[in-house]
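Bear in mind these aren't lab numbers, they're just calculated from the coordinates by the rules spelled out. None of these values were measured; they are calculated from a predicted model. Positions of Cβ are backbone-derived with ideal geometry, glycine not excepted, and every protein chain shown enters the neighbour counts.
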Amino acid sequence: MTFSAVMPFSVPAPATRYWLWLVLIFLLPSPPLLFAQELPTKPAASYLKLHPENPRYLEWLGEPTLLVTSGEHYGALLNLDFDYERYFDELQRHGLNHTRVFSGVYREDAKSFNITDNTLAPKENRYISPWARSSQPGYHAGGNRFDLSRWDQAYFTRLKEFMAAAAQRGIVVELTLFCPMYNETMWDVCPMNSQNNINNLGKCPRKEVYTLQHPALLEVQLAVTRKIVSELRNFGNLYYEICNEPYFGGVTMEWQHKIVDAIVEAEKGFPQQHLISLNVANGRAKVDQPHPAVSIFNFHYCTPPDTVAMNRELNRVIGENETGFRGQEDILYRTEGWDFLLAGGGLYNNLDYSFTAAHPDGSLEDYKSPGGGSRALRQQLGILKDFLNGFDYIHMQSDPSVVSSMSPELTKSVLKEEGQAYAIYLHVPLPPKPKPLAKYLKNNIAAKFNLDLPAGQYDCSWLEPVTGKVSRTEQITHAGGTREFNSPRFDNDIALSVTRQQAADER
């Protein structure tokens, strides 16, 4: 590959949507014991897959599924001090259905990226990886060195219990297998570094770790991939991402494709296969010559979300699975999520720094990390998810051009099914990089614009994205062409649903 609240919609709650499947599949006695053994084959619908009618979206448990979350910094598995059940409870509380987690092959130290209480930087002897510790001392971050020829069974028990706990709460897991070494400190604490293992493997610069230059090290990477894939064969709430931000640290596309091929080969005999993702770029990039086994293309920091339109012809899911580096205010990542999903994206994961090992419920407020996250934001993203679930979005496409003559100047996002349904989101323009926000925010404003709308009768509902409150509803009869809309007064952002009324013979 090359790169050139109160809701107005009748949407079943996640616990209700998934209850029957989860009872049949996951809510069985003694889940840790059960999942340590081979499970019976589960129905195909219990596996996350591309939607058969529109593969730009996902389907899970037989239903169209948008993955929306505000998740921790990927250390929930490898950090033994992190209580992932309390974390999942908090996501479920707000109707969020996704988390991203690193496999444990890579970790960070306490100073990495200036993150407060980084979950990817466990305390000494609280780091667990797929590989067992040896009897020889000398691991750079404390404790014994690793034996890359032996698996740590405690890790795989924790991994499967983690997956089961997520499934029980209606949460899909992105398991990111690898991550580049951004600097020498990351390589210093990696088990694949020769100083940290007893196998004399990893005697290479950090920028050669994820290449095809070192066959013995590559075989270790292929082996851990096969092992994880085998252990998780019976979990449907899962997709694999090959490598986080492979555009740093010397990661080659040939190496990524090698890992993709290993997953495909390992799953050949399985009754069901898992989706595979590549992390493409920060911001935007055009994907050319995609690997045929890749179904999800994830991007980071998509402001604006033009990468969705750039890659529409892929006919695959485009996701934004990391945010940040704009500031801490909720409005930044709330508007980013609305814009991305109404651009036609199928997945949005805000990186939420309010989750730490000491605060697995996301209650940390006084943090200095390079992004945002809060309980209020999680509630707001749940409102976004429920708003979109009120539409038949599988049959909608992004088209902001149907909105014109906007006053005052506002950023607009629109999903539409021509003549049937329109999901419209408006917000004050915001900077993509950290800046003082006072001059951008506007309270008690009203929007006026034209909407190109075919003739018919429509129900219109204005929604406050912060509270979920419906601020106005109305029914209109329109002769066709453009129609002027005038919003209620609002602070900073507002959403509008316009849906055609059903004729009596359609009900």
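Taking the Cβ of Ile276 as the centre, find all other residues whose Cβ is under 11 Å away and add up their charges (Lys, Arg: +1; Asp, Glu: -1).
Charge balance near Ile276 sits at -3.
Determine the gain in length on full extension of the stretch Ser363-Asp452; use 0.36 nm per residue of separation and subtract their C-alpha separation, reporting nm with one decimal.
Additional length available on full extension: 27.6 nm.
Only loop residues by DSSP count here, and only those with at most 15 other Cβ atoms within 10 Å; note down the GluC sites (Glu not before Pro) in the range 111-177 that meet that.
Glu124
Cut-off 14 Å, label point 7 angstrom out along Cα-to-Cβ of Gln136: give me the residues of the range 185-213 whose amide nitrogen falls inside.
Under cut-off, by backbone N: 192-203.
At a Cα cut-off below 21 Å, give the lysines reachable from Lys123, other chains included and same-chain residues fewer than 8 away excluded.
Hits, sequence-local ones excluded: Lys111, Lys368.
Would you pull out the residues with amide H under 5 Å of Asn298's amide H, same chain only if 5 or more places away, H placed 1.01 Å from N?
Leu278, Asn279, Val280, Gly319
In sequence order, what are the phi-derived ³J(HN,Hα) couplings for the range 151-168 according to the Karplus relation 6.51 cos²θ - 1.76 cosθ + 1.60 with θ = phi - 60°, rounded to whole Hz, with x for glycine and proline?
Each residue of the range 151-168 in turn: 8, 8, 5, 5, 4, 6, 5, 5, 4, 6, 5, 4, 5, 5, 5, 5, 4, 4 Hz.
Quick check: net charge around His291, other residues with Cβ under 14 Å of its Cβ, Lys/Arg +1 and Asp/Glu -1?
-3
What ranking do 195-201, 135-141 get when scored by the average of other Cβ atoms within 10 Å per residue, highest first?
195-201, 135-141
Mind checking the full-extension length gain between Ser407 and Glu474? Use 0.36 nm per residue of separation minus the Cα-Cα distance, one decimal, nm.
22.0 nm
Taking 0.36 nm per intervening residue step and subtracting the Cα-Cα distance, what contour gain separates Lys286 from Lys207 on full extension?
So the chain would gain 26.0 nm between Lys286 and Lys207.
Just to be sure I understand: if I project the alpha-carbon convex hull of the range 92-136 onto a plane and average over all orientations, what area do I get in nm²?
That works out to 4.9 nm².
Taking Cα pairs under 8 Å and at least six residues apart, what relative contact order does the range 11-394 come out at, in percent?
Averaging sequence separation for qualifying contacts and normalising by length gives 21 percent for the range 11-394.
Give, rounded to the nearest 20 debye, the magnitude of the charge dipole that the chain has about its Cα centre when Lys and Arg contribute +1 at Cβ and Asp and Glu contribute -1 at Cβ.
Around 380 debye, computed over the chain.
Which value in deg cm²/dmol, rounded to the nearest 500, describes the helix-derived mean residue ellipticity at 222 nm for the chain, given -39,500 (n - 2.57) per DSSP H run of n ≥ 4 and division by the residue count?
The per-residue figure over the chain is -6500 deg cm²/dmol.
What are the extents of the Cα atoms of the chain along their three principal axes, in Å, largest first?
Its Cα atoms span 78, 50, 42 Å along the three principal axes.
Could you check the simple spin-label distance between Arg126 and Gln153, using points 7 Å along Cα→Cβ, in nm with one decimal?
Going from the Arg126 label point to the Gln153 one covers 2.6 nm.
Which whole number of Å³ per residue matches the convex hull of the alpha-carbon atoms in the range 304-446?
Hull volume normalised by residue count: 134 Å³.
Hey, what do the phi angles of the range 117-133 turn into as Karplus ³J(HN,Hα) couplings, whole Hz, using 6.51/-1.76/1.60 and θ = phi - 60°, x for Gly and Pro?
So the J values, rounded to whole Hz, are 6, 4, 5, 7, 10, x, 5, 4, 6, 10, 9, 10, 10, x, 9, 6, 6.
Amide H to amide H, which residues 5 or more places from Ser70 or on other chains are under 5 Å from it, using H placed in the peptide plane?
Those lying under 5 Å, H to H, from Ser70 are Asn350.
Check Arg150: other-chain or 5+ apart residues with amide H under 5 Å from its amide H, H built from backbone geometry?
Those qualifying (amide H under 5 Å, at least 5 residues apart or on another chain) are Ala132.
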